[in-house]
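Nothing in this text is a laboratory measurement; each read-out follows from the coordinates by a stated rule. What you are looking at is a predicted structure, and each value in this text was computed from that prediction instead of being measured. Cβ coordinates were reconstructed from backbone atoms using ideal geometry, including for glycine residues, and neighbour counts include every protein chain displayed.
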Amino acid sequence: MGLTYFKRFRMEFDLANAALPAPLVPPGYELLPYSSELLRQHANAKFQSFRSELDANVFPCLGRRDGCLRLMREITSRAGFVPEATWLCRFRNPESGRPEPVGTIQGLEVEGWGAVQNLGIDPAHRGRGLGSILLSRAADGFRAAGLRRMHLEVTTDNSAAVRLYERIGFRKAKVVYKAADVAGV
Ligand SMILES: CC(C)(COP(=O)(O)OP(=O)(O)OC[C@H]1O[C@@H](n2cnc3c(N)ncnc32)[C@H](O)[C@@H]1OP(=O)(O)O)[C@@H](O)C(=O)NCCC(=O)NCCS
């Protein structure tokens, strides 16, 4: 193991701006507001979304199913948890007829800011507007909770995510570094 520093952008969005642009929910998908019965489904969506991604190096818990469940428990039990900004996306599999969790976003209030946590869409469901839709729901939730600004952190090499955030109107505010123990380094 060796300590590696990951370069990340802090990106910010003024919630006084117009509502975030969001595509319509595509057929077959549904969005569910947070409830504690959905905690495991959020964890599963998070695991599928992050298991093969860069951020699983930065935050090793994201690369493990039990780590994602632990993280969901930790986030939802914090004093600043914002359930209104926490959404699950499910896809009704036409073969099984069962709803599968395919996307998640969670919100926290940190020092008066809405802090977006772990937006993730299962790789098989990307490029359909679901990430944009979840961000827009989180923004509405932060607004409903009385917050005026939201921010997030994204690894600078995560170009798909940075592009999405900039297209939606987030601005890069500063660069921060996150230290992580990475196997093989
Ligand atoms: C970042 C992430 C959440 C984006 O999710 P997504 O559902 O693919 O996002 P969207 O579909 O809203 O946008 C992605 C692209 O699809 C395009 N798109 C959106 N709706 C579309 C549609 N109906 N048809 C075709 N393309 C569409 C968007 O314009 C966007 O294009 P771009 O790549 O040129 O920016 C996803 O890639 C992911 O989970 N990554 C791994 C986890 C991660 O790194 N999360 C971010 C942590 S900070």
Comparing Leu130, Leu24, Leu54, which has the greatest mean-square fluctuation in the GNM of the chain with Cα pairs linked when under 10 Å apart? Leu24
Compute the relative contact order of segment 18-148 as a whole-number percentage, counting only Cα pairs closer than 8 Å that sit 6 or more residues apart in sequence. 31 percent
Part-to-part distance (alpha-carbon centres) for segment 1-49 and segment 78-133, which is given in Å: 4 Å
Can you give the FRET efficiency for Lys172 and Leu24, using 1/(1 + (r/R0)^6), R0 = 41 Å, r = Cβ-Cβ distance, to the nearest 0.05? 0.90
Kindly state, as a whole number, the per residue volume in cubic angstrom of the convex hull around the alpha carbon atoms of segment 18-148. 110 Å³
Roughly speaking, what is the stretch gain from Asp181 to Leu3, that is 0.36 nm per residue apart minus the C-alpha to C-alpha distance, in nm to one decimal? 63.6 nm
Those residues of segment 114-157 whose amide nitrogen sits under 14 Å from the label point placed on Leu31, 7 Å along Cα→Cβ: 120, 128-144
Assertion target for Ile121, Ile168, ordered by fewest C-beta neighbours within 10 angstrom first, is Ile168, Ile121
For Lys7, Lys172, Lys46, order by how many other beta-carbon atoms lie within 10 Å, fewest first: Lys7, Lys172, Lys46
Find how much the distance from Arg98 to Leu54 grows on full extension, using 0.36 nm per residue of separation minus their present alpha carbon separation; answer in nm with one decimal. 12.9 nm
